[in-house]
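Have a look at the structure below before the remarks.
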Amino acid sequence: MIQKKLFQGNGVSLTPVYTVGRRESAYVRLIAEENMAITDGVTVSTCADVRISDTERWADCDPAEQEELTDREALAIILGGDL
């Protein structure tokens, strides 16, 4: 898993990009390696912004099995509701 520092300030809540006026935040971005996922034991994801103090709870894992969506299901997601 890759960890990226996150910064805040100048009207930005969290960003991996440092510029003048931003300070290091209490959060890091955890990013799963290719073909992997990360988990805290409850959530499985490929990327998560977490408090630095919570990074020890996250670990690499196999990606969750995803069922193939039908065209109708995909369209319902895009349109924000049932068809």
Test: residue in segment 44-53 that is among the β-branched types (Val, Ile, Thr), part of a loop (DSSP other than H, G, I, E, B) and surrounded by 12 or more Cβ atoms within 10 Å (Cβ to Cβ): yes
Return only the number of the condition from (1) more than 20 Å from the chain's Cα centre (by Cα); (2) modelled with pLDDT of 90 or more that THR46 does not satisfy. (1)
Do the conditions hold for THR19, that is, is it among the hydroxyl-bearing types (Ser, Thr, Tyr) and over 20 Å from the mean Cα position of the chain (by Cα)? yes
Top-ranked residue in segment 4-26 [being modelled with pLDDT of 85 or more and in contact with a Ser or Thr (Cβ under 7 Å, 6 or more places away or on another chain); ranked as farthest from ASP60 (Cα to Cα)]: GLN8
Tell me, yes or no, whether segment 15-32 has at least one residue that is among the acidic types (Asp, Glu), out of contact with any His (no Cβ under 8 Å at 6 or more places or on another chain) and part of a loop (DSSP other than H, G, I, E, B). no
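The values are calculated or read from the model by the stated rules, or taken from the named source; none is laboratory data. These numbers come from a predicted model, not from an experiment. Neighbour counts are summed over all protein chains in view; Cβ atoms, including those assigned to glycine, are modelled from backbone coordinates with ideal geometry.
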